[in-house]
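The values are calculated or read from the model by the stated rules, or taken from the named source; none is laboratory data. As the structure is a computational prediction, the values presented were derived from the model and not from experiment. No Cβ is skipped: glycine too gets one built from the backbone with ideal geometry, and neighbour counts run over all protein chains shown.
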Amino acid sequence: MGKAVTATIEEHFGSITDPRVDRTKLHKLIDILVIAICAGICGCDNWEDVAAFGEAKQEWFGTILELPNGIPSHDTFNRVFGCLDPFEFRSSFMAWISAVSELIDGQVIALDGKVLRRSHDRGIGKGAIDMVSAWACANRLVLGQVKVDEKSNEITAIPQLLKALEISGCIVTIDAMGCQTEIAKTIVEEDGDYVLALKDNQGNLFEDTRKLFEDLEDSRYQAYAYDYEKTVNKGHGRIEIRECWTISDPQILRHLRGFGNWEKLQTVSRIRSQRWIGDDKTSEDRFHIASIIGAKRVLGAVRSHWGIENGLHWTLDLAFDEDRCRVRKDNGPENFAILRHIALNLLKQEQTCKRSIKGKRLLAGWREDYLLKVLSGLSHLPI
């Protein structure tokens, strides 16, 4: 089974260009990739730990890899992943996900950015890198990621990621940073739909939308035709109520300033979230624009989007200690982030063990049979 896993990794990642010159190739690139992926699954969050893990498991790795010169040093891992083309690594990752999983129509894909806080290098004036990731909310899989250029922002990175993804028939959700006409146009051109958070970065449209729902509420919901959905969640000593009102009448929407600039804009919405913890109550209104119709669909998409915080960002921080990772050389931070996403996808889809992600990482490090079970997900991920 071990050699089959190696063959699968080579199938999906073997086309990556080796950045080294021939005379410096003491170790095969596929060996370096396999050890790094295994180490990432098993709890290693820097190159020193990756090399130490390889040395501790050298006898086992010898049964599935050639290892012509033993286990690479941490300097070798650092150098190779620092020079490895992150575009090729990312493309191989996304091709792997596309090959072994399938998105159903109506699936919500959440896009969100996250700064890798310790990836900065003040000595050379390099800031921390920002990664925009795509998260399949139902599958609970990372679909892809792209680094935000230092002299740019998420607005320019998001269209690159969208064009690399298969979003046909899916609903793309993005926070207010991504509420841009060109991004909405890109989503529609790729045969997807969108639900975008609306804030004051879209001044006129935001103000008009907020005023529209204020007028609706002041009229006791008699002024305009609207759709409505409500959810109530209770547990752990708190109550959460979410109410969603949507307006989709084109005769009303066309009066919103800037409405005509948005491709396929069919709905504006207000979501009111109220939370009670004991006697304490909080309330917040959020506004969105969407190319879909129906309060239930809009509220469902927005609630799914919130899952990227717990399902991806929070897990990467808690189980992978991402914010403390000190990998910083050249392309190393971006490539290590891709390794974390590979590990996270594989660990999430392994369902026979009921441990947390952190617990699964420990178990995979202790038991090679469980590590192989996790790695078997390279050839199949759940729909």
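Observations on the structure shown:
- Applying the condition of being within 28 Å of the chain's Cα centre (by Cα) and farther than 20 Å from residue 225 by Cα to the stretch 262-282 and asking which residue is surrounded by the most Cβ atoms within 10 Å (Cβ to Cβ) yields 262.
- The stretch 37-68, subset in a loop (DSSP other than H, G, I, E, B) and of a type in the set (Asp, Glu), residue modelled with the lowest pLDDT: 45
- Number of residues in the stretch 204-215 that are surrounded by 19 or more Cβ atoms within 10 Å (Cβ to Cβ) and without any contact (Cβ under 8 Å) to a residue 60 or more places away in the chain: the value is 1.
- Here the stretch 1-36 is the region considered, the condition is being hydroxyl-bearing (Ser, Thr, Tyr) and in a loop (DSSP other than H, G, I, E, B), and the residue that is nearest to residue 372 (Cα to Cα) is 15.
- Taking the stretch 92-137 as the range and being out of contact with any His (no Cβ under 8 Å at 6 or more places or on another chain), under 26 Å from residue 11 (Cβ atoms) and at pLDDT 85 or above as the test, the residues that pass are 94, 97, 107, 109, 131, 134, 135, 136.
- Taken as a whole, the condition of being in contact with an Asp or Glu (Cβ under 8 Å, 6 or more places away or on another chain), farther than 30 Å from residue 64 by Cα and of a type outside the set (Asp, Glu) applies to residue 312.
- Of the candidates 283, 269, the single residue that is out of contact with any helix residue (DSSP H, G or I) (no Cβ under 8 Å at 6 or more places or on another chain) and among the small types (Gly, Ala, Ser) is 283.
- Filter result for the condition that a residue is aliphatic (A, V, I, L, M) and surrounded by fewer than 18 Cβ atoms within 10 Å (Cβ to Cβ), over 378, 344, 372: 372
- In a residue-by-residue description of the stretch 248-256, the property of being at pLDDT 95 or above, surrounded by 14 or more Cβ atoms within 10 Å (Cβ to Cβ) and not in a loop (DSSP other than H, G, I, E, B) applies to at least one position.
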